[in-house]
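These notes concern the structure reproduced below.
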Amino acid sequence: MKIAIIAHDGKKPEMVSFLNKNKDKLKEIELVATGTTGKYVENTGLNVEKLLSGPIGGDAQIAALSAEKKLEMVLFFRDPLGKHPHEPDVQMLMRICDVHNIPIATNPATAQLLIDAFWRKQMD
């Protein structure tokens, strides 16, 4: 299983809290993240493959993995109130996930539901 993790700067603390809370569920899962987010993921003790930073192509790289069906899900801790110069890339990523039926969570509550559902599925 491979999961992508992205977090806007204003949501990185929430993302770190979520990862720490779910560390036992995530430690055996292959994680991939945009560049800066990946540094935060590493600080939780989880292994992660770091791609480019979101604004310089990381979001597009994750979209490509989604289009190739190489991801089980995307956890994108978005800041809906902030301005993001790479918003077109964010919209493209979300569209690609919808087109290819890749689950995408954009807040901690939905991310928890996805992780719990996939965890139960693995245990069956």
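The values are calculated or read from the model by the stated rules, or taken from the named source; none is laboratory data. Remember, predicted model here, so these are calculated numbers, not experimental data. Reconstructed Cβ throughout: ideal geometry from the backbone, glycine too, with neighbour counts over all protein chains shown. In case anyone asks, the SASA skips ligands and DNA or RNA and just uses the protein heavy atoms, side chains included. Shrake-Rupley method; radii C 1.70, N 1.55, O 1.52, S 1.80 Å.
Brief remarks on what is shown
- Restricting attention to segment 22-36 and to residues that are touching a residue at least 60 places away in the same chain (Cβ under 8 Å) and surrounded by fewer than 21 Cβ atoms within 10 Å (Cβ to Cβ), the residue that is nearest to L71 (Cα to Cα) turns out to be K25.
- Listed by first and then second residue, the pairs with beta-carbon distance under 6 Å, at least 6 apart or on different chains, first residue in segment 38-49 and under 10 Å from K27 (Cβ atoms), second in a loop (DSSP other than H, G, I, E, B) and open to solvent by 30 Å² or more (accessible area, probe 1.4 Å), form an empty list.
- Considering the conditions (1) over 17 Å from L19 (Cβ atoms); (2) touching an Asp or Glu at 6+ places or on another chain (Cβ under 8 Å); (3) surrounded by 15 or more Cβ atoms within 10 Å (Cβ to Cβ); (4) touching a residue at least 40 places away in the same chain (Cβ under 8 Å), G82 is excluded by exactly one of them, (3).
- Among the candidates L75, L93, the residue that is part of a strand (DSSP E or B) and either surrounded by 19 or more Cβ atoms within 10 Å (Cβ to Cβ) or among the polar types (S, T, N, Q) (or both) is uniquely L75.
- Selection count where residues are in a helix (DSSP H, G or I), open to solvent by less than 60 Å² (accessible area, probe 1.4 Å) and modelled with pLDDT under 95, scope segment 37-59: 3
- Single residue of I5, I62 found to be open to solvent by less than 30 Å² (accessible area, probe 1.4 Å), over 20 Å from Q122 (Cα atoms) and in contact (Cβ under 8 Å) with a residue 40 or more places away in the chain: I62
- Any hit, segment 24-32, residues being within 19 Å of T110 (Cα to Cα) and out of contact with any strand residue (DSSP E or B) (no Cβ under 8 Å at 6 or more places or on another chain): yes
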